[in-house]
Each structure stands twice: as C-alpha cells, then as structure tokens.
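One structure below.
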Amino acid sequence: METKPTLLVLAAGMGSRYGGQKQTDEFGPSGETITDYSIYDAIRAGFGKVVFVIAPRMEEEFRSSYIKRFPDDLKVEYVLQDVKSIPEGFEVPKDRKKPWGTAHAVLMAKDVIKEPFAVINADDFYGRESYRIMHDYLVEAAPGRYSLLGFTLSKTVSKHGSVARGVCETDGEGFLTRIVERTKIFTDADRIYYEDEDGSQHDLAPDAKVSMNLFGFTPDIFSHLESQFKAYIAKNINSPKAEFFIPYVADNLIHSDEASFKVLGTPESWFGVTYQDDRPHVLAMIETLVSQGVYQTPLWK
C-alpha cells in the first residue's frame, strides 16, 4: 500500500508585521483561514495527514476550537515550537522571544513524521495544482532527493513593505545550486531589491525564482536539521534576531553534496498576507475562487 505524504504546516510565527495571528484569521466566506484552503487542496492531491507546528501560546485555542473544524477522518496532529527547545549544553538568553526560524520549526516535528512530507507556511496560498505537483514528486522521493516549489519573485512581493524570500539559482536541469534567504526584499516602481544588514541595496531580477517555503522532504532531513541546528546555535545563541531558516539548511546540504533539491514549477499564482494592507487582496482572490466553483462554501461540510 502506498504511503501517503504528510503536510507540515508552519503556524508558530509571531505575525509582528501583520499585527495579529494571521494563521487563524478568517478570509473565506464561511470563516475559512488560508490554511483551511491549503489543507483542502492537499487532501484532494492525495496527502493523508496534517501536522501543525504552533507556538505554546496558541495551544489552548488550537486544541479547543480550531482543530475541530476538520473532518473526523482526517488525521491531525500538532507539535510546539518553543524557544527553549535547543540542544543540551546551551541556555536560552532571557531576552530571547523570537522563534528560532523555519528550519527549527520543521525539526520540532521529527517524532511525529515518518513518511515523505511537504512543508508550507500557514499564511501562504499556493493553489491546488501546487499540491498535486508536490504530492507526485513525494510519492517517488528517495532520501536526500528533496524538492521545492519555485515562484516568480515579481509575483510574490508586497507593495506595503518588505518580505522575506529564499532567492534561488538553478542549473540546466532545474536543480538548486544556491539559495539565500533575503529577509528584506522591497519593490519600488519597476525595481525589486533587497537590503543587506549594513543597509546597502542590491537589485534582484523580477523573474528570479524564489522559495515560498513549500518544500518536499523525506524523514532523513531531520538528522541534517539536528546537526546543523547544533552548529548554528553554537554560533548564534546570543543573537536575539538570529533565525535558523530552511534555505540556510538547503544551501549547506547542496554545497556539501549531501542532498539535492529539484525546483518544481507550478502554474498556480501565489498570494498571502504579510501586512494588514495585504488582506483585501487575499479576500478578493478567495472570493473569486469560490465564485468560480474552485472551492465550496462552507469549505468543510
């Protein structure tokens, strides 16, 4: 019997730029979240289980209300991403409040995922076809042969402020050769650029491929995450803004020849919320998809 892939939803972010818990904010006509649509699409594509990574402060609401909206036959689990979850021998600084980043969030699921899995952000809409493409890759996946969905940079920026994206470079066969997490990407008229830590600005090609954290992994990734996180913490334990990102891990694995990443294309358009001003656009996009019959309402009948 074919093992169905799992969907891992990263939902522990603080939402500081949005000004609230966008993971549970309602965007659909019957109170659906963006994540509801992601899970619905993933189930239709063939995924068999959903695992959420949430912050400890979210646990009570998640367990008492949010998780109950899903069908009874859908297996749903959750794990906590706590800033205190670091390797033995290290002590978390008292002023550390920010989560340790997306790669750390994935690592938190190591005890509940034993099958190939896809990673998504809770606040990003990837589209039905994106999940089918990722599912079809994962059912044939082998250890160390990972993947990610590539989106066009110009279609993923926000006119309301900076965004973070993993900027990709690929070879002639579509395999990742380099990926760098740029945490401050801006758009200004026809220009897209990122700002470095020293304040300098560097232009980016509008058609560059970027990661929106839709990655495909096999369970062997957890051993890589553990070893890299320990090394990362040793260097960055006292940096209050340091984050252990998935692109950071991916780039290390590529350059050490420990893994490869196939960049998968998708015909779908991405949309999501970074700022409150992004909300009207997302509401309009989902309303259009519902009116076109792509989604039923209410979504979970």
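The values are calculated or read from the model by the stated rules, or taken from the named source; none is laboratory data. Quick caveat: nothing in here was measured; it's all calculated off a predicted structure. Please note: Cβ atoms are built from the backbone with ideal geometry, for glycine as well, and neighbour counts cover all protein chains shown.
Data for the structure
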read-out	value
Strands (runs of 3 or more DSSP E) fully within the stretch 110-228 counting 3 or more residues that are surrounded by 14 or more Cβ atoms within 10 Å (Cβ to Cβ) and over 16 Å from the mean Cα position of the chain (by Cα)	176-188, 191-195
Checklist (1) part of a loop (DSSP other than H, G, I, E, B); (2) at pLDDT 95 or above applied to Ala42, failing item	(1)
Residue match in the stretch 68-84 (condition: crowded, with 18+ Cβ neighbours inside 10 Å and within 20 Å of Ser130 (Cα to Cα))	no
Matching residues in the stretch 229-250 - criterion: being among the charged types (D, E, K, R) and surrounded by fewer than 14 Cβ atoms within 10 Å (Cβ to Cβ)	Lys235, Lys241
Meets criteria (more than 25 Å from Phe47 (Cβ to Cβ) and out of contact with any helix residue (DSSP H, G or I) (no Cβ under 8 Å at 6 or more places or on another chain)) for Glu88	yes
Enumeration of residues in the stretch 276-301 that are part of a helix (DSSP H, G or I) and among the basic types (Lys, Arg)	Arg279
Failed criterion for Ala55 (all others in (1) under 28 Å from Phe175 (Cβ atoms); (2) surrounded by 13 or more Cβ atoms within 10 Å (Cβ to Cβ); (3) among the small types (Gly, Ala, Ser) hold)	(1)
Pair list, Cβ < 6 Å and 6+ apart or interchain, from the stretch 93-122 residues that are modelled with pLDDT of 95 or more to residues that are β-branched (Val, Ile, Thr) and in a loop (DSSP other than H, G, I, E, B)	Glu115/Thr3; Pro116/Thr218
Scope the stretch 31-44; condition surrounded by fewer than 19 Cβ atoms within 10 Å (Cβ to Cβ) and touching an Asp or Glu at 6+ places or on another chain (Cβ under 8 Å); matching residues	none
Selection within the stretch 39-92 - under 23 Å from Lys114 (Cβ atoms) and of a type in the set (Ser, Thr, Tyr)	Tyr78, Ser85
Selection within the stretch 263-301 - surrounded by fewer than 18 Cβ atoms within 10 Å (Cβ to Cβ), under 24 Å from Ser162 (Cα atoms) and touching a residue at least 60 places away in the same chain (Cβ under 8 Å)	Ser269, Tyr275, Gln276, Asp277, Arg279, Leu283, Met285
